[in-house]
Amino acid sequence: MSEITLDHKSMVNAPVGVFDSGLGGLTVAREIMRLLPAEDIVYFGDTARVPYGSKSKDTILYFSRQIVRFLKTKNVKAIVVACNTASALALPTLREEIDIPIIGVVEPGAHAAAKATKTGHVGVIGTQATVSSGIYAKVIGEIDETISVIGKACPLFVPMVEEGLADHPMMMQMIDYYLSSIKESNVDALVLGCTHYPLLRGRIHEYLGDAITLVNPAYETAMGLKGLLGKHGLLRPEKSAGETQKNQAAANLYVSDLPERFKEFANSILPVDIERVKTVNIEQF
Ligand code: DGL
C-alpha cells in the first residue's frame, strides 16, 4: 500500500466503505455493525453485474476499481472488500494503488481456518474464480505449511440465495451434489469462502454435521478491520447506546440495479432499519 496521507482528525468520523458483487457482502457489513457500532458504513452492491465468480480477473479488477473510485467520492476512510472473488483477484492490485487502508475477506478467513482445524485438513468452498485462484491454499500455507487445503467450487449456491431459495428442498440436493466429497474427506474445518454462503450456514451444517467446523470469514474480517482502523488511529469512539442506534442508521446503501429488492433483503439481515437504497450508475466511475 502506498503511504497513508489522511488528515486523521477529520477522517476518524468518515464512513467505512464496504463492497460486494451483490447482497452477500451484507453478511460482512452485519458483522462490522455488530462489532463496530460507532462506525458509519457506505455499502455498494454491484447488483447489475453480479456474479463476479464466473468472470475473468481483468473484469473483476475493472469492476473493483470503479467501485473503489465511487466509494472514494463518499470520502471513506477505509475499504472492506466484502467479496471473496474480488478479494482473491483484485485486492492485491487495489492494495498497491490505494492511499487508504483496505482489507479483504480471504486473509481473515484463512487465519480463522488455520485456527479452527485440529487435523490439519481444511476445505474451502467458493465461486469458480475464488477456488481456481488457489488463494486460500496459498494464504493458509503461509500461515502453516503443514495444513492441507482442498477446494470445491459451488457455482449454483449464489443464484439459489439470490432467488431466495436457501430454504427450498432443492437446496439440500444441491448441497449434497457439491459437498458429498467434502463430507467424505478428512477435513474438519470448512471455509465458507463466498459471502453468500453464511446465508446457507444452517443447511450446510445440517448436511455435514458437527464433525466439520464451518468458518465464516465475516466475523474475522470485522475484527481485522477493527485492528486496521486502530493501527491508523481511525477508530471512531464508541457512543452511548442511544446514540449508537442513531449512528448505525447512517448506513448508506447503494446498488447498481434493483434497489427495492436489495432493501428488502438488507432489512431482513442487518441490525438497523434501511429506509432507502440508492441506485448508482457505476459505469460512470
Ligand atoms: N460475493 C461473491 C463472493 O464472495 C459471490 C457472488 C459472485 O459470484 O459475485 O465470492
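Bear in mind that the values in this text are calculations on the coordinates, not laboratory data. What you are looking at is a predicted structure, and each value in this text was computed from that prediction instead of being measured. Cβ coordinates were reconstructed from backbone atoms using ideal geometry, including for glycine residues, and neighbour counts include every protein chain displayed.
Counting every other Cβ atom within 10 Å of each residue's Cβ, I79, I100 order from fewest to most as I100, I79.
Could you tell me which of rounded, prolate or oblate describes segment 65-146, using a ≥ b ≥ c as the square roots of the eigenvalues of the alpha-carbon gyration tensor, with rounded for a/c under 1.5 and, failing that, prolate when a/b is larger than b/c and oblate otherwise? The shape class here is prolate.
Across segment 24-31, computed HN-Hα scalar couplings (Karplus, 6.51 cos²θ - 1.76 cosθ + 1.60, θ = phi - 60°) run x, x, 5, 5, 7, 4, 4, 5 Hz from first to last residue, x flagging Gly and Pro. Computed over the chain with a Gaussian network model linking Cα atoms closer than 10 Å, the most mobile of S64, S133, S180 is S180.
Measuring between their Cα centroids, segment 97-111 and segment 138-209 lie 22 Å from each other.
With charges only on Cβ, +1 for K and R and -1 for D and E, what is the dipole size of segment 140-269 about its Cα centre, in debye, rounded to 20? Intermediate results must be reported in sequence, preceding the final value.
Numbers: 11 positive and 17 negative charges, 112 e Å.
The calculation lands at about 540 debye.
Projecting label points 7 angstrom from Cα along Cα→Cβ for R95 and D176 puts them 4.1 nm apart. A protection proxy built from the mean count of other Cβ atoms within 10 Å ranks the segments 172-178, 149-155, most packed first, as 149-155, 172-178. Given R0 = 22 Å, the distance between the Cβ atoms of R276 and K74 translates into a calculated FRET efficiency of 0.90. When the chain is treated as a GNM with alpha-carbon contacts under 10 Å, the residue of E163, E142, E97 showing the greatest mean-square fluctuation is E163.
Each label was represented as a point 7 Å from its Cα along the Cα-to-Cβ direction; for Q284 and S132 these points are 3.3 nm apart. In the chain, taking the dipole from charged Cβ atoms about the Cα centre, the farthest positive-side position among Y177, P37, P217 is held by P37. Here S56 and H205 are evaluated by their C-beta separation; at R0 = 25 Å the FRET efficiency comes out at 0.15.
Determine, from the Cβ-Cβ distance of L35 and K231 and an R0 of 22 Å, the FRET efficiency 1/(1 + (r/R0)^6), rounded to the nearest 0.05. Please report the intermediate quantities before stating the final value.
Working: r = 16 Å, r/R0 = 0.72.
That gives a FRET efficiency of 0.90.
The dipole here belongs to the chain: it is taken about the Cα centre, uses +1 on the Cβ of Lys and Arg and -1 on the Cβ of Asp and Glu, and is about 440 debye.
Note on the chain: helix-only mean residue ellipticity at 222 nm, from DSSP H runs of 4+ residues weighted -39500 (n - 2.57) and normalised by residue number, equals -13500 deg cm²/dmol. In the elastic network of the chain, a GNM with C-alpha springs shorter than 10 Å, the most mobile of A114, A90, A211 is A211.
Let me know the shape class of segment 45-200, please: from the alpha-carbon gyration tensor, a ≥ b ≥ c as square roots of the eigenvalues, rounded when a/c is under 1.5, otherwise prolate if a/b is greater than b/c, or oblate.
Working: a/c = 2.23, a/b = 1.30, b/c = 1.72.
Oblate shape, in that a/c is at least 1.5 and b/c is the bigger or equal ratio.
According to the square roots a ≥ b ≥ c of the eigenvalues of the Cα gyration tensor, what is the shape class of the chain, taking rounded for a/c under 1.5, prolate for a/b larger than b/c otherwise, and oblate for the remainder? Here the chain falls in the prolate category.
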